[in-house]
Amino acid sequence: MTGIEATGQKKLMLFSGRAHPELAESVAKELGVELAPTQARDFANGEIYVRFEESVRGSDAFVLQSHTAPINQWIMEQLIMVDALKRASAKNITVIMPFYGYARQDKKHRGREPISARLMADLFKQAGADRLMAIDLHTDQIQGYFDGPVDHLWAMPLLIDYIRENLDGERLTIVSPDAGRVKVADKWCDKLAAPLAIVHKRRDVNIANQVSVHEIVGDIKGRVCVLVDDMIDTAGTICAASEALFEHGAAEVVIVATHAVFSGKAVERLRESRVSKVIVTDTLPLSDERRFDKLTVLSVAPIVARAISEVFEDGSVTSMFEGADD
């Protein structure tokens, strides 16, 4: 069964791009549907061809694609899928991007720079998307870039449950890797009844060619520090913050992040670091070569599946996270 029918003959259809089929299959299993059969291939010059193998007319279509490397290829494939659905008379099209590509380019820092996160939203709207769904956006303001509903899903409840079950709550200190993530870290503190610490990075004007030093705001001596962030890219910043925590007396450091981008030497840095655990989700695919002993990967499939059900049944996605943003 490729679709679910609800009252009034509504039909849910779930489509997957080629970037992360494992996640799409897990979501489909949670929903009790099969992925809609889709042809997708590349021409010799790199252009992408997509065709759906059964009628989508009148359906509520959900198109899942993870924006992983090569990121521009997979974004383009998702745009083409949306265009094909629009031209095939799908009734409603929801774009699911567990990791929102270009989210870090959400504002202009200097003159003559783009706001690529806004461009992304415009591209999907122009292609025919009615709604966007993403997990742990880099900044909340991105929700305002799309002219339509945006469902901002949170991985925090999933990650917090894991921390509760596997770490000693009495010894925990939640750590923000920089001032910009304090608001999110503070929510973790509320949920875990744990104190907050902040890694403050600044330039040392007294030492030539010294880019920065790390100061710790908060008492972490002898504590299990949970360093929380939305993503790990090259892991340079997060590993430097972890080392600073150890230098200031932390007994143990655990890194928690939603999106495992793992670019460049990230895996090598994390593997060789003194951190005891790295906890991420499967919003992005991780090949066997990018997995290591310290790594734990939690699935967001139940979160995505429930959000799809709420949207399809005209329910409330917000109700899934009531209390999470208090």
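What to note about this one:
- Looking only at the stretch 187-208, and only at residues there that are surrounded by fewer than 14 Cβ atoms within 10 Å (Cβ to Cβ) and either under 19 Å from the mean Cα position of the chain (by Cα) or farther than 25 Å from Thr318 by Cα (or both), the one that is modelled with the lowest pLDDT: Ala208
- Leu137 satisfies every condition listed in (1) touching a helix residue (DSSP H, G or I) at 6+ places or on another chain (Cβ under 6 Å); (2) in a loop (DSSP other than H, G, I, E, B); (3) not β-branched (Val, Ile, Thr) except (1).
- Residues in the stretch 161-181 that are within 18 Å of the chain's Cα centre (by Cα) and surrounded by fewer than 20 Cβ atoms within 10 Å (Cβ to Cβ): Asp161, Tyr162, Gly180, Arg181.
- Of all residues making up the stretch 92-119, the number that are outside any loop (DSSP other than H, G, I, E, B), under 19 Å from Met133 (Cβ atoms) and either small (Gly, Ala, Ser) or touching a strand residue (DSSP E or B) at 6+ places or on another chain (Cβ under 7 Å) (or both): 7
- Among the helices (runs of 4 or more DSSP H) confined to the stretch 215-313, the ones with at least 2 residues that are buried (at least 20 other Cβ atoms within 10 Å of the Cβ) and either more than 22 Å from the chain's Cα centre (by Cα) or assigned by TED's automatic domain parsing to the domain that holds Pro149 (or both) are located at 236-247, 301-312.
- Lone unmet requirement of (1) over 20 Å from Thr281 (Cβ atoms); (2) of a type in the set (Phe, Trp, Tyr); (3) not assigned by TED's automatic domain parsing to the domain that holds Glu25 for Phe124: (3)
- Among residues of the stretch 28-53, those that are surrounded by 12 or more Cβ atoms within 10 Å (Cβ to Cβ), out of contact with any helix residue (DSSP H, G or I) (no Cβ under 9 Å at 6 or more places or on another chain) and of a type in the set (Asp, Glu), counted: 0
- Among the conditions (1) closer than 21 Å to Leu284 by Cβ; (2) out of contact with any Ser or Thr (no Cβ under 6 Å at 6 or more places or on another chain); (3) not basic (Lys, Arg), the only one that Gly46 does not satisfy is (1).
- Checking every residue in the stretch 156-171 against the condition of being modelled with pLDDT under 95, among the basic types (Lys, Arg) and not assigned by TED's automatic domain parsing to the domain that holds Tyr100 gives zero matches.
Table: residues versus (1) farther than 21 Å from Ala121 by Cβ; (2) touching a residue at least 60 places away in the same chain (Cβ under 8 Å).
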residue: Arg18; (1), (2): yes, no
residue: Leu23; (1), (2): yes, yes
residue: Val56; (1), (2): yes, no
residue: Ala61; (1), (2): no, no
residue: Ala88; (1), (2): yes, no
residue: Met97; (1), (2): no, no
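- A count restricted to the stretch 143-199 and to residues that are assigned to a helix (DSSP H, G or I) and hydroxyl-bearing (Ser, Thr, Tyr) stands at 2.
The values are calculated or read from the model by the stated rules, or taken from the named source; none is laboratory data. Computed from a predicted model, the values in this text were never measured in an experiment. Every residue, glycine as well, gets a Cβ built from its backbone with ideal geometry; the counts of neighbours run over all protein chains shown.
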